[in-house]
1. Gap in Å between the Cα centre of segment 76-118 and the Cα centre of segment 241-298?
2. How about segment 6-80: which trypsin sites (Lys or Arg not before Pro) there lie in a loop by DSSP and see at most 14 other Cβ atoms within 10 Å?
3. Taking only DSSP H segments of four or more residues, each worth -39500 (n - 2.57), what value at 222 nm results for the chain once the sum is divided by all its residues, to the nearest 500 deg cm²/dmol?
4. Taking N as the number of residues in segment 119-245, what is its Cα Rg relative to 2.2 N^0.38 Å?
5. Output the Kirkwood hydrodynamic radius of segment 149-199, Cα pairs only, in Å rounded to one decimal.
6. Tell me which DSSP H helices of the chain clear both cut-offs, 15 Å or more of axial length from alpha-carbon atoms and a mean Kyte-Doolittle hydropathy of at least 1.0.
7. Could you rank the peptides 97-106, 357-366, 155-164 by their average count of other C-beta atoms within 10 Å per residue, with the highest value first?
8. Listing 70, 148, 290, 153 from the residue with the fewest other Cβ atoms within 10 Å to the one with the most, what is the order?
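Readers should treat all values here as calculations from the given coordinates under stated rules, not as data from a laboratory. Remember, it's a predicted structure, so these values are computed and weren't measured experimentally. Here the Cβ positions follow ideal geometry from the backbone for every residue, glycine too, while neighbour counts run over all protein chains shown.
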Amino acid sequence: MARLFEKTVPAPPNEYVRVECESLKSFVSAVLSAFKVSEEHSRIVADVLVTADLMGIESHGVQRLKRYTMGIQVGSVNPHACLKVVKKSASTALVDGGSGLGQVTAYNAMEIAIRKAEEVGVSVVGVRNSHHFGIAGYYALQAVKHGMIGMVMTNSEALVAYTHTVGRSVGTNPIAVSFPTKNPPPVLFDAATSVIPIGKVEVYAKENKKIPLGWAISPEGKLLDDPKEVLTRKGAILPLGGFGEDFGGHKGAGLALVVDLLCGVLTGANYGKNVKHTTDKERANVGHFMLAIDIAKLTPMEDFLERIEEYKGYVKGLTKASEEAEVWIPGEKAWLTMETRKRIGIPIHKNILKELKEESEKAGVEFNIKVLKETA
Ligand code: NDP
């Protein structure tokens, strides 16, 4: 049995409760169904959100439920939307998400990419007219289940100050790449191209904590440590690498630009400041980019699996910076956190639980999340 490990916990312990993951999923699904989302689609969204919490990515977990229900309420998200293929070839497809929930659109787009890669070895699916889809890694891992490498990107509403500028101009535009392995966990690198995703600032604000200096700047270019100021005054997040060029901020900005070109420009979705938030009245038109590579079409699967284990061993064997340091393969911490939380429950901050209760009241759904352990 894997050791107990959690990459993040909303400390101090008297401020959160542990909840059982299946009851959390059913609850999220029931709330979405009450907002006229089909049962099948509600289940997909609930699975993506709760998987984020299981993996220790609470910035993109159930604390985001309100964003999607509000999106439906203001009419920006179409709860009945179905994905349409607008152009296709043996190895490509361009799909239109019909302004539906991003999770449902992205899940189905990746399934198309996988089916095409099974036929022709590699495939690309571009998505336009979608919405915020949560964690990019969820869809990259769909490919792993089929013995494939998955690559997933999305643009987001503008939140980041492009290098040497102030104000929000590009999204936090994440990139996720996954690889199957012989022994779990699969390798999954999944990261925003900014120092942090805005969801982390939201979590700090809900937990009344200061953010580290270096995450965000004010509209005037001053470093900020108050998360509420970032959220209310439209402070901008810094690109991966931080402020200016000294620590590679220009490389993070460059990666965000590449994601915007693939997700926005290539697909006909919006890009830069034109990408809207889920709760804006204007059409969000978020774009995604999915790529699937069937490994067996390039090299025997057994050889690949042996070589990837060798590679993992190579990384794990590197000289550590200190006795206490632990060397991690991307995806490993998230996997251990998931295994742990399936056993002992997901820690949910009390303020977020309160928000979920309000959602249940709005939706007229019973607040029946199973609390496993009330920490003293
Ligand atoms: P993190 O900084 O938490 O992690 C980035 C990657 O680095 C993960 O794959 C992580 O693996 C890996 N990692 C962590 N520590 C180490 C280490 N010591 N050595 C090697 N690898 C390590 O991610 P972000 O905060 O940038 O992003 C969080 C989530 O937000 C992502 O899922 C992303 O897709 C999502 N996001 C979504 C957006 C949207 O618009 N939909 C916008 C921006 C972000 P592990 O998970 O195992 O720790």
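1. Here the answer is 17 Å between Cα centres.
2. Here the sparse-neighbourhood loop sites are 36.
3. Details: 11 runs with 137 residues, N = 376.
After summing the helix terms and dividing by the residues of the chain, the value is -11500 deg cm²/dmol.
4. In units of the globular-protein estimate, segment 119-245 measures up at 1.22.
5. 12.3 Å
6. Numbers: long enough: 21-34 (20 Å, 1.02); 39-54 (22 Å, 0.32); 102-120 (26 Å, -0.09); 249-260 (17 Å, 0.65); 301-316 (22 Å, -0.97); 332-344 (18 Å, -1.08); 350-363 (20 Å, -1.43).
Membrane-span-like by this rule: 21-34.
7. Values: 97-106: 25.4, 357-366: 14.3, 155-164: 23.8.
Final packing ranking: 97-106, 155-164, 357-366.
8. Working: 70 17, 148 27, 290 30, 153 24.
Sorted ascending by nearby Cβ count, the order is 70, 153, 148, 290.
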